[in-house]
Structure formats: C-alpha cells, structure tokens
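Following: one structure in structure tokens, then a few remarks.
The values are calculated or read from the model by the stated rules, or taken from the named source; none is laboratory data. Not measured: the values here are computed from a predicted model. Glycine gets a Cβ as well: all are built from the backbone with ideal geometry, and neighbour counts include every protein chain shown.
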C-alpha cells in the first residue's frame, strides 16, 4: 500500500500551487481556479487521512466540500460577470476604485 | 472502518427548530418574491422579521439545556443561545434598516431578504456547532450569501469591486481553514470538538500535523474576524457594500466568526494554549495598532468604521489571548455584545445619511448634523463615545472587563498597548463628533419619521449601548455563564469579575 505521506505531500504541493496561483496571477478567473485547486488539495488530504485514522468522516466531508465549492464557484462567477459588465476587465490590479 | 449507523443519529427538534424557522422563512420569501412587485418588497422584509422572531422564541427554549444533539454535532448550550440571540437581533435590525434603504437604492427584490435570512441561518449553525464540519458548513452558508449581498448594487462599480475582493479573499481563507480542519482531523482522528479535546489532552509528544493544523486554523479565522495582517479585504468590502450590509458584516458576520473561533480554541484546542496564546497576542497588538492608526487618516466614514472594526477585533483578541480562565472568556463575550449594539447604532446613522444613489458617506458630510438633526447626531455621538470607551457607556464597561481579565492573567504589556490604542482611537471618533457639533455645513437628510424601520434600529442600538453601560451585571453574568456552558463546567467565579 502506498504510504500516507505520499498523499499528504502531494496534497501539500497542490495546496501550495493553489496559494501561489492566487498570490501571483492577476486574472480573477485564474485566481478562482487556483482557489478550487486549494479546496481539491484539501479533499485529497481528507480522503487519505480518513483512510489512515479509519473513520468514514473524512470521506463524508469531501462531499460537503465539493458541494460548497460548486456553490462558491457559482456565486464567484456571477460576481465576475457583474464586474466585467461594468468595468470590461477581470484583472485584479485594475479593480482599484477602493483603496486606503 | 466503522459503519455509519443511521439509527443512532440522536435526532433533536429542539436543536434545529430555530434553523428550520429561518430556512422556511427564506424559502417563503423567495416564493413570495415571484408574486410581489419590487416596489412592495418591504413586505418580504416583514416575512424575514417574522421568521427571525420565531427563531428567537425557539432559541429561548434551548436556554439552560446545556446538552448536545446529533451525536455532538450540534451543541444546545447557553453559549450557543448567547450568540444566537445577538445574531438574531443584529439580523433583525439589518432587515429593519434595509426596509426603506433597499427601495431607495434600488436593491428591492426577494433575493436580498432571502440572502440575509440564509446568511443568518449559517451564523446560527456556527454558534451552535459541535464539530468542525458544522463550523465549515455554517461559515460557508453565511459567507456565500454575504458575498452576493456585498455586490448587490449590481450597477455600482464600487459594490462590484467590494464583492469580488471579499469573495476572493474569503474563499482563499476558507481554503486555509479547511486545510487546518483536515490536518486536525488527521492528527486527532475525529472532527468532534470534544473528541479532539480528549485526544490532544491525552497526547504526550507534540504532533507536527497538529501544530500545522492549528496554524492553518488561525490563518483562516484571522481572515474571518478581520485581524491584521489578514484584514486587507475589510475596508474595501465595508466601503463598497450597501450600507445595511456593511452593518451586517461588521456585526453579525464578525460575531458568528468569533463564536466559532472561541468555541474551537477554548473547547478543543485549549491544551495547546501555550502555543496559540502568543500568536493571538501578536495578532491583537497588530490589529489594534494598525486598525487605529490607519483609521486616523480616513475621510470616508464607512472606511473609518471598517478600520475601527479591525481595531475592536484586536481588543477582543486581547481578551482571548489572556483567557485562561472563564471570567476572561466571559469578558470577551461581553465585549462582543457591547460592540454589536454600538456598531449597529453607529451604522444606523450612516444608513440615515446614505441615500443609496447619492452616497453621503464622507466625514465632511456630517458637518452641522447636530443643528438640523439633533437626534441623529446625539445617537452617533453616543455610539462613537462608546467605541472610544467613555464611561458610562457599553464600550467602557466592555474594555474594562477585558483589560481587567488580561491584567489578572498577567498580560500587563498587552493591556498597556491596548490602553494606548484606546487613547489614539479617541482622536478619530471625536473628530466626527466635532464635525457634527462644531462645524457648519451639512447635507439634506430625509426625515426620520418617514423611515420607521431605520429609526427603530438606531433606537435599539443606542438603548443597548446605554443599558449595557449603566447596568452591566446581568449581561456580564449571562456572558460568564454562557462561556462556562461551552466549557461544560459550571461558572464558579461568576461574581468575582463584577465591580
């Protein structure tokens, strides 16, 4: 059986890629994708850890996370569309009406 | 693997009836919305108010029960009731403020009130959560609804921008929180708060997975309660959102986040207090100092109150960092209660001047307010003095309790920094009062007699500020009792904190 540490390292790497994506990329839609990557990295950790501790909770949580992520993406894309209609841009650096 | 046993889910109507009342109310609003013209949408607000009243009455049945339902997933204790009552009141006042504002600003529609009700539902879940999954679900139910509410003025570029910034950073922080939950689950083998406590308390060696999970949870909750350095979204989201929603975010959302934060850290992670207390110390100092200093230079009152909200989260964290006893925890709860009423009153006045389309949210717009509208100016002055911490108002008593608790716990340095910060904050709070009473100018404010909902909200906020300041004992007793119930131990020293 593959040791649990493999899964946890993979999950940590995916999570780190997601965090970097949010911090570095300026396109709001790419940032949204990076956030989804973070949540899916957590899902992987939940499944691996659930297997290790021997309870079903970890796998049940993943269903909740997938559902919540879908709802979040729906609302997030709705907001992106509203922004694009008014500003014709989805670049985070150009959304600078509000500062200080 | 242990099979999932559906016959022993430990069903309890008591625990979920308030939640059912709210969700039924929200669904009725959405259905009724198809039959109601947008101009008449205030009627939909009344449906939410009725649902909130029902939830309030059903919550009161939980008082003194101090039990758990659904095999520990939901706590039915005084701690949950304490936060649920404040959240329900804050939501009701938000709806009352919105009744006239929504029509003026073109926010009318069933979705607005339904989203407020669904957000409140998530907040109640957070207050009553007995395990990490429920905290996550409550947090997301609340957050997703509030993301949409922040951007509700669809044609306003500022509102769009507030929503996108709030959404991106909110979802980003959710990722951290969830990763923290996963690691905690892996390290302790459970998502139940009580089981996590038992597992950590029984542990001899320090588990790196556990500490990493703790750190991730701190980052996640740091974002949600808007503590520096995780506060970047706060001023933008508060400024751009419709003003009643700003009040909702500053009060109800913040209290719900603190409800989950306090519950996790004091009921299941308290054996690790030596690890997290210094982190909270640093977050408290940063939040108070950065919040107050940046608030000094603000010209927009919503932005100033946003930085003030960050500073006040810092004061609450002072109590949390020092809370190794239940009096200190009670002081934090009392602080949040006082902050809730004070902020609601202050934002009520901001809503009164802000007429949606033509936003009068600059501090200069408050010049001469006392001459034309002495009542509004007096209400604002009372709330701002309470935020400063002037006796005999709620803010003073709350700060006194928190600082006294921190001193008792030996956090002298932290209290000195907090008191210095209170002095700094007086400058910008009093600046608004000076503008209202001693400067000439002013903008036309629509008569309050035509806006009864808003008038009631401001009156309730101010009444709370004065009542909590003049006669704090019963509320402090309730706060100490609530905190003790979350710890599952009776309040032994409930009286010792009282002056």
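Among the residues making up segment B:140-165, those that are more than 9 Å from every other protein chain (Cβ to nearest Cβ) and either in a helix (DSSP H, G or I) or under 14 Å from residue B:223 (Cβ atoms) (or both) are B:142, B:146, B:149.
Inclusion of residue B:90 among residues that are buried (at least 24 other Cβ atoms within 10 Å of the Cβ), assigned to a helix (DSSP H, G or I) and modelled with pLDDT of 95 or more is warranted.
The residues in segment A:48-70 that are more than 7 Å from chain B (Cβ to nearest Cβ) and without any contact (Cβ under 8 Å) to a residue 24 or more places away in the chain can be counted, and the count is 8.
Against the list (1) surrounded by 16 or more Cβ atoms within 10 Å (Cβ to Cβ); (2) in contact with a strand residue (DSSP E or B) (Cβ under 9 Å, 6 or more places away or on another chain); (3) more than 9 Å from every other protein chain (Cβ to nearest Cβ), the condition residue A:28 fails is (3). Of all residue pairs spaced 6 or more apart or on separate chains, those with beta-carbon atoms under 6 Å, a first member in segment A:23-34 that is within 15 Å of residue A:81 (Cα to Cα) and a second member that is part of a helix (DSSP H, G or I) are A:28/A:80; A:28/A:92; A:31/A:22; A:31/B:168; A:32/A:76.
For residue B:443, the conditions (1) modelled with pLDDT under 95; (2) in a helix (DSSP H, G or I) are fulfilled apart from (2).
None of B:299, B:277 is in contact (Cβ under 8 Å) with a residue 12 or more places away in the chain, more than 24 Å from residue B:144 (Cα to Cα), within 14 Å of chain A (Cβ to nearest Cβ) and in contact with a helix residue (DSSP H, G or I) (Cβ under 8 Å, 6 or more places away or on another chain) except B:299. Answer with yes or no whether residue B:205 is over 29 Å from the mean Cα position of the chain (by Cα) and part of a helix (DSSP H, G or I). For residue B:205, the condition - over 29 Å from the mean Cα position of the chain (by Cα) and part of a helix (DSSP H, G or I) - is not met. Per the listing B:402, B:390, the residue uniquely modelled with pLDDT under 95, buried (at least 24 other Cβ atoms within 10 Å of the Cβ) and either more than 12 Å from residue B:445 (Cα to Cα) or within 24 Å of the chain's Cα centre (by Cα) (or both) is B:402.
Considering each residue of segment A:89-97 in turn, none proves to be at pLDDT below 95, at the interface with chain B (Cβ under 9 Å from one of its Cβ atoms), on the phi > 0 side of the Ramachandran plot and loosely packed, with under 13 Cβ neighbours inside 10 Å.
Does any residue of segment B:256-273 turn out to be within 14 Å of chain A (Cβ to nearest Cβ) and either within 18 Å of residue B:312 (Cα to Cα) or buried (at least 24 other Cβ atoms within 10 Å of the Cβ) (or both)? Within segment B:256-273 (the criterion being within 14 Å of chain A (Cβ to nearest Cβ) and either within 18 Å of residue B:312 (Cα to Cα) or buried (at least 24 other Cβ atoms within 10 Å of the Cβ) (or both)), the answer is no, since none of the residues qualifies. Could you tell me whether residue B:103 is in contact (Cβ under 8 Å) with a residue 60 or more places away in the chain and either surrounded by 24 or more Cβ atoms within 10 Å (Cβ to Cβ) or within 14 Å of chain A (Cβ to nearest Cβ) (or both)? No: the conditions fail for residue B:103.
With the condition kept exactly as written, say whether any residue in segment B:304-317 is under 19 Å from residue B:350 (Cβ atoms) and in a loop (DSSP other than H, G, I, E, B). No: zero hits.
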